[in-house]
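To start, the structure under review is shown below, and the notes come after it.
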Amino acid sequence: MSTSLSLPTDLKLKGFRVYEKNFTLQEAEQTRLAAQVFSRRDYYKVLLMESKCLIHYAHQSLELDGQYLFFTNPHIPYSLELRTDQLRAYACLFTEEFMKAADRSASLHQSPLFRIGSPSLFKLPAQQADYVRGIFQKMLTEQAGDYPFKGDLIRTYVQLLIHEALHLQPPDTAVQPQNAATRLTSRFLELLERLFPIELPAQQLPLKTPQEFADRLAVHVNHLNKAVKQVTGKPTSAHIAGRIVEEARALLLHTDWSVASIAHCLGFEYPTYFQNFFKKHTGCTPLSLRRKA
């Protein structure tokens with residue numbers, strides 16, 4: 001169920017919500033709760049998943065069987081398929097502005113858990129799952145309460161969730177010293193992700209080619225290509241194409257926009273160019289993907 005707020009306006013939290021979800025598939029279909037929890041929104045999210053399910057995140061499909069702590073950022077859409085007849089989960093949604101109210105200087109998208117390419121899914125032992133569940137329950141209590149400093153307290157609870165996950169990271173995921181190629185590649189990948197998600201049919205992708213990205217980063221395109229290939233093993237164009245394909249999938253599956261509108265948003269002059277591009281990278285046409293879904 002979702003927790004409702006009936007508080008004076010000055011006590012409501014801006015840029016934060018926490019939910020407890022516990023419902024059967026039949027209830028989800030009747031109330032459309034599943035779509036409400038797992039839609040695309042401009043929030044960072046931390047979820048405690050306690051049901052067997054399949055999460056589609058970016059280009060991955062992740063099978064969950066147990067209790068997991070899951071972190072997402074606003075740039076990468078995701079969806080969920082239940083593998084059981086009941087969903088049990090907690091979901092905490094917040095904006096970067098909400099967290100920065102505590103004067104933390106670090107940007108969330110640079111966090112080890114929220115930045116692009118970082119591990120974001122952690123299986124919890126039973127004792128640790130109980131502790132994490134307790135944090136979510138405390139946030140629910142504070143959200144519904146009238147403590148005047150509850151925003152600060154809830155930010156602390158979110159930080160506790162982040163640190164619990166950081167404790168679970170394997171040692172080889174620790175931050176390593178960066179050379180010039182790594183720094184440039186990180187800037188490129190960050191710039192690429194900041195172009196998404198596409199929110200409106202009138203919005204159009206401003207950058208699409210390696211040359212355009214190089215110009216924005218104020219480097220020669222050959223230097224950019226060399227650095228990205230050296231660090232990631234893939235050329236710059238492959239990263240761009242892959243991210244456009246991910247966004248195309250999300251728009252086809254989560255909006256009712258026409259294929260022509262999606263093609264325009266993603267920078268294709270003609271819908272046929274987009275259709276050929278999509279089929280080349282996915283093996284199916286945009287319409288066939290939408291029909292399957």
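Laboratory data are not the source of any read-out in this text; all were calculated from the coordinates shown. It should be emphasised that the depicted structure is a prediction, and the values quoted were computed from it without experimental measurement. As a convention, Cβ positions derive from the backbone with ideal geometry for all residues, glycine included, and neighbour counts pool all protein chains shown.
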**Request:** Just list whichever of Lys52/Lys138; Lys100/Lys280; Lys45/Lys292 have alpha carbons separated by over 31 Å in the model shown.
**Result:** Lys100/Lys280
**Request:** Quote the relative contact order of region 135-293 in percent (integer), defining contacts as alpha-carbon pairs under 8 Å separated by 6+ residues.
**Result:** 17
**Request:** Between Leu217 and Ala260, take the C-beta separation as r, use R0 = 22 Å, and let me know the FRET efficiency to the nearest 0.05.
**Result:** 0.10
**Where labels lie 7 Å past Cα in the beta-carbon direction, separation of Ala126 and Gln204 in nm** = 5.9
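At 0.36 nm per residue, minus the direct Cα-Cα distance, what do Leu191 and Lys280 gain on full extension? Give it in nm, one decimal, please. Walk me through the intermediate numbers first.
Values: separation 89, 0.36 × 89 = 32.04 nm, distance 2.48 nm.
Residue separation times 0.36 nm, minus the Cα-Cα distance, leaves 29.6 nm.
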**Request:** Please label the shape of region 180-292 as rounded, prolate or oblate, based on the square roots a ≥ b ≥ c of the eigenvalues of the alpha-carbon gyration tensor (a/c under 1.5 means rounded; beyond that, a/b larger than b/c means prolate, else oblate).
**Result:** prolate
**Asked** How high is the FRET efficiency between Thr272 and Asp85 when r is their beta carbon distance and R₀ equals 45 Å, given to the nearest 0.05?
**Response** 0.55
